[in-house]
Amino acid sequence: MSLNNEEKAIIEQALSYYVQIIAQQAPKSQVQKLVQIAQGIINKLDSVGTNNGTQGAKPQGISDEWFTNVCESCDKLSPGGCTDKVTEKFPGKCDPILHYERNKLLNNK
């Protein structure tokens, strides 16, 4: 579910107010960094809730269980899928999935 235009406008307005308040209290260098971050957030609003955001598609050969429990929280998951070279050649053989499976076996004993 993505954000509608009204919701996006509210977030943009809230960020604008936040930057204005911080600008009265913080040094200029911090305010400039905050403005850049706020602009990045505003640019990402169109992809919130879609598969074009930071969460990627399920890589080929990965089970739903692995994707839900491991891949969705992995920093190597991009909008185009997994960027891990091992997973490209050997699905399910990357370290995070191997650790998940080992922990699952140990917890079931």
Tell me, what is the percent relative contact order of the chain, built from C-alpha pairs under 8 Å that lie six or more residues apart? 22
Lysine-lysine proximity count for the chain, Cα under 23 Å, sequence distance 8 or more or distinct chains: 17
How far, in nm, would the chain grow between Leu105 and Ala23 when pulled straight, counting 0.36 nm per residue and subtracting the alpha carbon separation? 24.2 nm
Give, as a single signed number, the net charge of other residues whose beta carbon lies under 15 Å from the beta carbon of Ala57, with Lys and Arg counted +1 and Asp and Glu -1. -2
The chain: D in µm²/s via Stokes-Einstein (Kirkwood Rh, Cα pairs, 10 °C, 1.306 mPa s)? 94
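Here, each number is a calculation from the coordinates, and none is a lab measurement. What you are looking at is a predicted structure, and each value in this text was computed from that prediction instead of being measured. No Cβ is skipped: glycine too gets one built from the backbone with ideal geometry, and neighbour counts run over all protein chains shown.
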